[in-house]
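Novice: One structure coming up, written as structure tokens, with questions to follow.
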Amino acid sequence: MVSTPHEVAPAPDTSQIIDSCDVACCIVGSGPAGAMLSLLLARRGLKVVLLEMHKDFDREFRGDTVHPSTLEILDQLGLAERALSLGHGKVVSPFFQAANGPFAPVDLRRLKTKFPFILMVPQTKLLDLLTQEAMKYPNFRLVMGANATELITENGATRGVRYQSDDGQHEVRALLTVGADGRFSRIRNLAGIVPTKSAPPMDVLWFKLPHLPSDPNAPGGAFGAIGMGHMVIGLERGDYWQCGYVILKGSYQEVRAEGIDGLRRHIVEILPALAEHVESLTDWHQVALLSVESSLCPLWCKPGLLLIGDAAHVMSPVGGVGINYAIQDAVVAANILTKPLLSGQVTLEDLRKVQRKREWPTRVIQSFQSRAQQSIIATALQSSQRISIPWYVRAFFRAPLIRDLPARLIAFGPVRVRVEN
Ligand SMILES: Cc1cc2nc3c(=O)[nH]c(=O)nc-3n(C[C@H](O)[C@H](O)[C@H](O)COP(=O)(O)OP(=O)(O)OC[C@H]3O[C@@H](n4cnc5c(N)ncnc54)[C@H](O)[C@@H]3O)c2cc1C
């Protein structure tokens with residue numbers, strides 16, 4: 001039914017609610033952003049409820065890259081050692097196999113940090129670590145299988161959410177509600193906030209390939225190859241390679257029409273060392289399509305409500321920064337909002353401060369990602385040849401003042417974020 005401006009929206013049916021609680025902060029979504037924010041607020045003694053619609057954290061591959069920025073934050077929280085023990089590999093200098101030899105534009109080893117590498121940690125384990133740590137505080141509650149369906153609104157401000165779980169409908173009343181519910185955020189939709197989307201001109205097919213004695217040489221824990229209309233990357237994941245095959249946006253049906261044989265053939269054309277590995281790819285069910293998206297919300301907050309992580313901005317996979325940006329948002333939000341939450345009053349200006357601090361680094365990195373994508377498309381996917389990297393590009397990435405910039409940007413973004421309280 002479409003309502004006219006004169007019609008009053010029907011009051012929500014609250015007669016079915018079986019349980020209601022009052023907290024300082026209700027966080028929707030236990031991804032990296034929600035789990036980190038919960039921990040940071042809980043350790044300051046705030047009453048926090050974290051709602052997660054799934055019953056566990058075990059999902060399809062959603063990225064493993066824990067960057068130096070996140071490792072430094074975990075170190076501040078006394079969790080770095082445990083995170084390191086969960087890792088299954090370190091990336092220090094990912095390289096691309098070009099026609100004229102390997103090209104490694106990013107070298108993390110020279111960074112001034114205790115953690116000059118990207119640690120590969122299965123996201124499930126990272127989320128377990130953060131939520132288990134938060135559960136040490138009696139003022140924190142994690143509700144799994146809790147699907148947030150409605151915002152509670154009073155006098156124009158959000159005052160919590162209603163959620164559905166197996167046993168019925170519940171509500172959480174909160175001074176602040178945080179939408180950390182990812183790229184398809186329902187909280188964002190319910191708040192009427194519409195992200196501005198840009199469509200990077202590529203998509204990624206994800207699949208696993210086994211470790212074999214004939215593995216491509218990847219001393220940095222990652223490899224890649226570009227040219228001849230294709231781009232393949234591989235990330236070390238313990239006993240297998242998590243591989244991505246980059247295609248032009250919208251060309252998935254064409255790639256599929258060539259059959260799984262065609263996909264195998266293209267991979268081997270660009271990286272012959274994978275000839276034996278790709279024999280394990282026999283069915284499209286083994287291949288997941290990631291529609292590459294990039295977006296930014298013009299507004300991250302409304303009275304009583306804040307969006308962070310992918311709910312506020314979806315990052316393209318270039319540089320693998322999504323998890324780390326989500327965590328940085330959570331840290332900045334906790335730095336700014338802990339005091340107002342403790343005092344029992346969070347103003348719209350407090351929430352806007354979070355957006356101001358995080359929006360510009362997001363814009364900066366999205367603009368770099370956009371340039372990188374354009375050049376991947378121009379040089380790799382639209383070229384019928386194996387790519388050679390010109391000498392001046394190699395020289396540029398070796399120049400003393402420039403060579404550490406890409407590594408710094410990937411490791412920390414344009415600004416280093418630290419836990420302040
Ligand atoms: C295939 C793939 C590969 C990726 N690879 C990388 C990578 O290598 N490195 C990297 O840094 N990033 C990568 N990313 C991006 C990264 O996963 C995200 O940027 C990051 O997870 C965002 O964290 P988040 O906490 O904001 O949201 P999410 O991780 O999306 O978490 C949101 C959570 O909210 C829950 N939720 C949603 N709706 C509701 C609701 N109504 N009620 C309750 N809970 C709800 C979801 O179940 C989910 O657990 C990848 C993404 C994909 C899809």
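The values are calculated or read from the model by the stated rules, or taken from the named source; none is laboratory data. Only a predicted model underlies this, so the values are computations on that prediction, with no experimental measurement involved. A quick note on method: Cβ atoms are made from the backbone with ideal geometry, for glycine too, and the neighbour counts reach across all protein chains shown. Calculation scope for accessible area: heavy atoms of the full protein, side chains included, ligands and nucleic acids excluded. Shrake-Rupley method; radii C 1.70, N 1.55, O 1.52, S 1.80 Å.
Novice: Keeping the other protein chains in place, figure out the carbon and sulfur percent of the accessible area of segment 239-318, with a 1.4 Å probe.
Specialist: 55
Novice: Taking N as the number of residues in segment 263-393, what value does Rg over Cα atoms divided by 2.2 N^0.38 Å take?
Specialist: Numbers: Rg = 21.0 Å, N = 131, 2.2 N^0.38 = 14.0 Å.
In units of the globular-protein estimate, segment 263-393 measures up at 1.50.
Novice: Just round it to a whole percent: the fraction of Cα-Cα distances in segment 329-381 exceeding 19 Å.
Specialist: Numbers: 642 of 1378 pairs.
Tail fraction, whole percent: 47.
Novice: If you don't mind, another one. Treating the angle as unsigned and between 0 and 90°, give the value, to the nearest 10°, between the Cα long axis of helix 259-270 and the longest Cα principal axis of the chain.
Specialist: Approximately 60 degrees, to the nearest 10.
Novice: Output needed: percent of Cα pairs per 10 Å distance bin for segment 40-129, bins running from 0 to the one holding the longest distance.
Specialist: In whole percents, the pair-distance histogram is 14, 36, 31, 14, 4, 1.
Novice: Taking only C-alpha pairs under 8 Å that are 6+ residues apart, what is the relative contact order of segment 134-233 in percent? Don't jump to the answer; show the numbers that get you there.
Specialist: Values: 85 pairs, mean separation 13.9, N = 100.
Taking the mean separation of contacting Cα pairs over the length of segment 134-233, I get 14 percent.
Novice: Just to verify a number: FRET efficiency for residue 104 and residue 22, C-beta to C-beta distance, R0 = 41 Å, to 0.05?
Specialist: Numbers: r = 53 Å, r/R0 = 1.30.
Once the sixth-power term is evaluated, E becomes 0.15.
Novice: Rolling a 1.4 angstrom probe over the protein heavy atoms, how many square angstrom per residue are accessible across segment 226-356?
Specialist: In whole numbers, segment 226-356 has 37 Å² accessible per residue.
Novice: Of the chain, which part is the longest with no GluC sites (Glu not before Pro) in a loop (DSSP not H, G, I, E, B) and with at most 12 other C-beta atoms within 10 angstrom? Before the final figure, lay out each step's value.
Specialist: Details: sites that count: 7, 60, 258, 420.
The longest uninterrupted stretch comes out as 61-257.
Novice: Still on this structure, please answer the following. Using a basic spin-label model with each label point 7 Å from the Cα along Cα→Cβ, how many nm lie between residue 251 and residue 114?
Specialist: Modelled inter-label distance: 4.5 nm.
Novice: Starting from 0 in steps of 10 Å, tell me what percent of the Cα-Cα pairs of segment 68-117 lands in each bin.
Specialist: Histogramming segment 68-117 at 10 Å steps yields 23, 42, 23, 10, 1 percent.
Novice: Ok, one more. Hey, what angle do you get for helix 123-134 against the long axis of the chain, alpha-carbon based, 0 to 90 degrees rounded to 10?
Specialist: 30
Novice: Only helical DSSP H runs with n ≥ 4 go in: add -39500 (n - 2.57) per run for the chain, normalise by residue count and round the 222 nm mean residue ellipticity to 500 deg cm²/dmol. The partial results should precede the final answer.
Specialist: Details: 11 runs with 129 residues, N = 421.
Mean residue ellipticity, 222 nm, calculated: -9500 deg cm²/dmol.
Novice: Run the numbers for residue 88 and residue 348: contour at 0.36 nm per residue of separation, minus the present Cα-Cα distance, in nm. Kindly include the intermediate steps, with their values, before the conclusion.
Specialist: Values: separation 260, 0.36 × 260 = 93.60 nm, distance 4.19 nm.
Contour length minus the Cα-Cα distance gives 89.4 nm.
Novice: Please state the Cα pair-distance histogram of segment 86-209 with 10 angstrom bins from zero: what percent is in each bin?
Specialist: Reading the bins upward from 0: 9, 22, 28, 24, 13, 4, 0.
Novice: Considering amide H positions built from the backbone, and no H for Pro or chain starts, which residues 5 or more places from residue 22, or on another chain, come under 5 Å of its amide H?
Specialist: Under 5 Å from the amide H of residue 22 lie the amide H atoms of 173, each far enough along the sequence or on another chain.
Novice: What is the magnitude of the charge dipole of segment 190-347 about its Cα centre, with +1 placed on the Cβ of each Lys and Arg, -1 on the Cβ of each Asp and Glu, and no other charges, expressed in debye to the nearest 20?
Specialist: Numbers: 9 positive and 14 negative charges, 146 e Å.
It comes to approximately 700 debye.
Novice: Residue separation times 0.36 nm, minus the C-alpha to C-alpha distance between residue 339 and residue 13: what's the value? Can you show the working numbers first?
Specialist: Working: separation 326, 0.36 × 326 = 117.36 nm, distance 3.48 nm.
Extra length from residue 339 to residue 13 when fully extended: 113.9 nm.
Novice: Let me ask something else about it. Diagonalise the Cα gyration tensor of segment 216-292 and give the resulting equivalent ellipsoid semi-axes, square root of 5 times each eigenvalue, largest first, whole Å.
Specialist: On the way: eigenvalues 78, 37, 33 Å².
Result for segment 216-292: semi-axes of 20, 14, 13 Å.
Novice: Using +1 at the C-beta of Lys and Arg and -1 at the C-beta of Asp and Glu, which of 146, 205, 187 has the Cα lying farthest in the positive direction of the dipole of segment 112-211?
Specialist: 205
Novice: Rounded to the nearest 0.05, what FRET efficiency do residue 374 and residue 239 have when you use their Cβ-Cβ distance and R0 = 60 Å?
Specialist: Working: r = 36 Å, r/R0 = 0.59.
With R0 = 60 Å, the Cβ-Cβ based efficiency is 0.95.
Novice: Next question, about the same structure. Could you give the size of the charge dipole of segment 99-215 about its Cα centre, using +1 on the Cβ of each K and R and -1 on the Cβ of each D and E, expressed in debye and rounded to the nearest 20? Present the calculation step by step, with values, prior to reporting the outcome.
Specialist: On the way: 15 positive and 11 negative charges, 101 e Å.
The calculated dipole for segment 99-215 is roughly 480 debye.
Novice: Regarding the chain, what is the average projected area of its C-alpha convex hull, in nm²? Mind showing how you got there, number by number?
Specialist: Numbers: hull surface 89.1 nm².
The orientation-averaged projected area of the Cα hull of the chain comes to 22.3 nm².
Novice: Could I ask something else about it? Between residue 291 and residue 395, what is the label-point separation in nm under the 7 Å Cα-to-beta-carbon projection?
Specialist: Modelled inter-label distance: 4.5 nm.
Novice: Students often get this wrong: which residues of segment 275-309 have the backbone nitrogen under 18 Å from the point 7 angstrom along Cα-to-C-beta of residue 194?
Specialist: 294-302
Novice: Still on this structure, please answer the following. Provide the packing ranking of 198-207, 101-110, i.e. peptides ordered by the mean count of other C-beta atoms within 10 Å per residue, highest first.
Specialist: Details: 198-207: 18.8, 101-110: 16.4.
The densest-packed peptide leads the list: 198-207, 101-110.
Novice: With charges set only on the Cβ (+1 for Lys and Arg, -1 for Asp and Glu), what does the dipole of segment 1-153 come to about its Cα centre, in debye to the nearest 20? It would help to have the intermediate numbers written out before the result.
Specialist: Working: 15 positive and 16 negative charges, 172 e Å.
Result for segment 1-153 is approximately 820 debye, rounded to the nearest 20.
Novice: Rg over Rh of segment 150-267, using C-alpha atoms and the Kirkwood radius, what does it come to? Each step should come with its number before you reach the end.
Specialist: On the way: Rg = 22.0 Å, Rh = 18.6 Å.
Value, to two decimals: 1.18.
Novice: With every protein chain left in place, what is the accessible area of residue 249 in Å² (1.4 Å probe, nearest 10)?
Specialist: It works out to around 70 Å².
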